[in-house]
Structure formats: C-alpha cells, structure tokens
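Visitor: Got a structure for you, questions after.
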Amino acid sequence: MTRRFERAVVTGGAGFVGAHLCELLLAEGLEVIAVDNLATSSADTLDGLRRHEGFRFLRHDVTHPMPLPCRADVVFHLASAASPRDYLALPIETLRAGAHGTENALELARRDDAWFVLASTSEVYGDPLEHPQREEYWGNVNPIGPRSVYDEAKRYAEALTSAYRREHGVDTGIARIFNTYGPGMRAHDGRMIPAFVDQALKGEPITVTGTGEQTRSICYVEDTARGLLELARSGHPGPVNIGNPHELTVRQVAERIRDITGSGSPIEEIDAVVDDPKRRCPDISLARDVLGWEPKVDADDGLRRTVAWFRRAPLR
C-alpha cells in the first residue's frame, strides 16, 4: 500500500538536495516546511519555492528541539554539512547534526506519529572492500580520519534511527545517497562536479585528485529526490541505496565536462585526498524491487543540464 502525505518537514531544506526535494513535494501537492540554519546554504536557494502557497521556511538549528506548532505526516532529515569543504571546516557541527539533529528530527516524527526518512550516505561504506556496494555490506571506514566527522555522523544517525524504530515504534526509512549533482550546486563547495564545471567554464586546469582512476557513480538530483519520496511512500525501513549504478572514473567525468563545455582546459593531477574511496558504485537491486525506483537521467544529459545552469548562474 502506497502511503499518502499532506504535510512534510524537510530539515536541511535550503541545501542542494533539500531544496530539490521541497520542489518535488510541492509539485506533488504537499504542504512543505523547510527547516535550515543556513550554515552551509543560502536563503536565496528558496526564492523559487516561496511562490508556492503551501511552502514555509523556518530558520532553525536542528541540534535544538524544533518548535513546530503544526503536525507533520512525514519528516525528511537532510540537515548536515555534506560537502568536504563544509564538513572539514565544521567538524563538531557536523557531528552534532548527525547526533542531536537526528534525535530531534526523530522526536518530531515520534510526537506526530509521522513517517521518518533519514538521508544517509554512501560514505557509510567508507573505502569499500565490496564492489558494487550492497546494503548488507558494513563498510570500511576510518573512524578517526579527517572524513570521519561526516562518515561517523551518518553511521550514528543510522544506528539512532534504527534504535527509535525498535524502541519507540517510529516508522523509519534509511536512504543511502550516492554522489548527487545538478543545478543549484555551489561552485566552490569542494565537490567534484561543480569544481570541474567551474574550472572548465573559466578555462582553468581541471584538477583531479590522485590519478583520477578512482570511480564514482553520479546521480542527477531530480532522481535522488524522487528516490527519497518513493522510499517514504513505500513504508520500507531500508537501508536502501539511492544512486546511479553506472560507474565512471573521476578522469572520465572531467573529460565529459570538458567536452560538454567546449573548454580547452587541461586536466591536471593534484594530491590524493586522505581516505578517498577507490571505487564507489551502488547495487540498486533493492530500490528497483521494493520502490520501483531507478535513475532516469543519464550522465551526459544530467551534466549538460548542470553545465547549462552554471552558464546562467549569476555568480560562480
């Protein structure tokens, strides 16, 4: 039976994925309350959403209890620094968002008897020893490395979500999101695709870390948002991988972006990132089977849309 919702709360609603999810939910006829402290995002992200009568924005830090007077049918918890540049600059805040922020979002769902969806990450798999990664794989994570503030925050958030399901009977679902990209990304947030697009459009060298032979599986943001909604509607507890199973090397992504932009930028290698995964690719069999979900936008189409948005963006 497909679940139906009337009002959604989206923590991290002003973030990249959060804003796209809000847009999808509004298009599906839901009322949406976006909650964000704007630590790593801008209220300008929400300009296009404010025209919707059913949209409200609450500026609030989710590490404190959320003062919502109305009831929610579903809570999507996305609040967290997500880009390497942000979580390395805000390590304690990132851990608190995964711990206190997740608990407060779960308490809101518990209060309202609402469905809860945790936006977890493929980073819980670390530098995987299994390929492609299935949900049953427990991961290979360095718990004290520089990336651990994000990786372990999400792993703890999954543990807490599972504990609330077992102890309090909260209806929960866990989505493990793989590399997501698309319009609305910040050029300088430290993630691969916006960095490559910005460099290519400026005619600067496109810098790949290490050899560039490490792989990623990139998923267009509209597909990711749709996967989160389908997980909520399904009632499945997860975890469920949400990502594109088509694997590309980082160098191949750089070359495709260079071709799409028509840039003459050279591709240069820079120092490898500490604990950077060598291979990253989801097994999405579970998502196909229980959600009826798979990505619809292929890499070339998604990269073309992303480049077109960056060309129009007033600031890069």
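The values are calculated or read from the model by the stated rules, or taken from the named source; none is laboratory data. Quick caveat, the model's predicted, so the values are computed rather than measured. Don't worry about glycine lacking a Cβ; one is built from the backbone with ideal geometry, like all the others, and counts go over all protein chains shown. Note: accessible area is taken over every heavy atom of the protein model, side chains too, but ligands, DNA and RNA are not part of it. Shrake-Rupley method; radii C 1.70, N 1.55, O 1.52, S 1.80 Å.
Visitor: Using heavy-atom solvent-accessible surface (probe 1.4 Å) with all chains present, what is the largest-first order of Tyr156, Tyr164? The partial results should precede the final answer.
Guide: Working: Tyr156 105, Tyr164 15 Å².
Per-residue accessible area, sorted high to low, gives Tyr156, Tyr164.
Visitor: If I fit a long axis through the Cα atoms of helix 192-202 and take the longest principal axis of the Cα atoms of the chain, what angle between them do I get, 0 to 90°, rounded to 10?
Guide: Rounded to the nearest ten degrees, it is 50.
Visitor: Can you tell which of Gly184, Ile174, Pro205 lies farthest toward the positive end of the dipole of the range 119-205, using +1 and -1 charges on the Cβ of basic and acidic side chains (Lys, Arg; Asp, Glu)?
Guide: My answer, from the dipole projection, is Gly184.
Visitor: Then there's this: I need the phi-derived Karplus couplings for the range 40-50: 6.51 cos²θ - 1.76 cosθ + 1.60, θ = phi - 60°, integer Hz, Gly and Pro marked x.
Guide: Residue by residue, the range 40-50 yields 10, 9, 10, 5, 4, 4, 8, 4, x, 8, 5 Hz.
Visitor: Give me the net charge of Ala39's neighbourhood, meaning all other residues with Cβ under 9 Å from the Cβ of Ala39; Lys, Arg count +1, Asp, Glu -1.
Guide: Working: positive: none; negative: Asp36, Asp61, Asp86, Glu93.
Surrounding charge for Ala39 is -4.
Visitor: Compute the angle between helix 250-261 and the longest alpha-carbon principal axis of the chain, please, reported from 0 to 90 degrees and rounded to the nearest 10.
Guide: Roughly 80 degrees, rounded to the nearest 10.
Visitor: Taking only protein heavy atoms and a 1.4 Å probe, what accessible area per residue, in Å², does the chain have with all protein chains in place?
Guide: For the chain, the solvent-accessible area averages 44 Å² per residue.
Visitor: Do you know the relative contact order of the chain, to the nearest whole percent, from alpha carbon pairs under 8 angstrom that are 6+ apart?
Guide: On the way: 663 pairs, mean separation 57.3, N = 316.
Result for the chain is 18 percent.
Visitor: If a/c stays under 1.5 just call it rounded; otherwise compare a/b with b/c (prolate if a/b is bigger, oblate if not). Do that for the range 12-76, with a ≥ b ≥ c from the square roots of the Cα gyration tensor eigenvalues.
Guide: It comes out oblate by the Cα gyration axes.
Visitor: Helix 16-27 sits at what angle to the longest principal axis of the chain, using alpha carbons and giving 0 to 90 degrees rounded to 10?
Guide: Taking the Cα atoms of the chain, the angle to 16-27 is about 50 degrees.
Visitor: Then there is this: Tell me, what is the percent relative contact order of the range 124-177, built from C-alpha pairs under 8 Å that lie six or more residues apart?
Guide: Details: 38 pairs, mean separation 13.7, N = 54.
This gives 25 percent for the range 124-177.
Visitor: Grab the DSSP H runs of the chain that are 4 residues or longer, score each as -39,500 (n - 2.57), total them, divide by all residues and round the 222 nm result to the nearest 500 deg cm²/dmol. Let's see the in-between values first.
Guide: On the way: 9 runs with 107 residues, N = 316.
Computed mean residue ellipticity for the chain: -10500 deg cm²/dmol.
Visitor: Hey, can you grab everything whose amide H is under 5 Å from the amide H of Ile206? Only 5+ residues off in sequence or another chain; H modelled, so Pro and N-termini drop out.
Guide: Sorted by chain and number, the residues that satisfy this are Ile267, Glu268.
Visitor: Once you charge only the Cβ atoms, +1 for Lys and Arg and -1 for Asp and Glu, what is the size of the charge dipole of the range 51-115 about its Cα centre, to the nearest 20 debye? List each step's numbers first, then the result.
Guide: On the way: 8 positive and 9 negative charges, 34 e Å.
Dipole about the Cα centre, nearest 20: 160 debye.
Visitor: Is there a quick way to get the dipole size of the chain? I mean about its Cα centre, with the Cβ of Lys and Arg at +1 and of Asp and Glu at -1; what is the value in debye to the nearest 20? Before the final figure, lay out each step's value.
Guide: On the way: 38 positive and 47 negative charges, 113 e Å.
Using Cβ point charges on Lys, Arg, Asp and Glu, the chain gives about 540 debye.
Visitor: Check which residues have an amide H placed less than 5 Å from Gln133's amide H, if you skip close sequence neighbours.
Guide: Correct list: Cys281, Asp283.
Visitor: Tell me whether the chain comes out rounded, prolate or oblate; compute the Cα gyration tensor, take square roots of the eigenvalues as a ≥ b ≥ c, and use a/c under 1.5 as the rounded threshold. Present the calculation step by step, with values, prior to reporting the outcome.
Guide: Details: a/c = 1.63, a/b = 1.38, b/c = 1.18.
Cα axes put the chain in the prolate bin.
Visitor: Between Asp259 and Arg85, take the C-beta separation as r, use R0 = 30 Å, and let me know the FRET efficiency to the nearest 0.05. Intermediate results must be reported in sequence, preceding the final value.
Guide: Numbers: r = 26 Å, r/R0 = 0.87.
Approximately 0.70, to the nearest 0.05.
Visitor: Heavy atoms only, probe 1.4 Å: what % of the accessible area of the range 21-155 goes to carbon and sulfur, would you let me know? Could the numbers behind the result be given before it?
Guide: On the way: 3070 of 6220 Å².
Reported share for carbon and sulfur atoms: 49 percent.
Visitor: Also, I was wondering about something else. Quick one: if the Förster radius is 41 Å, what FRET efficiency do Glu167 and Asp275 give, using the C-beta to C-beta distance and rounding to 0.05? Intermediate results must be reported in sequence, preceding the final value.
Guide: Details: r = 32 Å, r/R0 = 0.79.
The computed FRET efficiency comes out at 0.80.
Visitor: Sequence gap at least 6, Cα distance under 8 Å: using those rules, report the relative contact order of the range 170-276 to the nearest whole percent.
Guide: Working: 160 pairs, mean separation 46.2, N = 107.
Dividing the mean separation by the residue count of the range 170-276 yields 43 percent.
Visitor: Could you order peptides 80-92, 127-139, 100-112 by the average number of other Cβ atoms within 10 Å of their residues, highest first?
Guide: On the way: 80-92: 19.3, 127-139: 16.1, 100-112: 21.4.
The most tightly packed comes first, giving 100-112, 80-92, 127-139.
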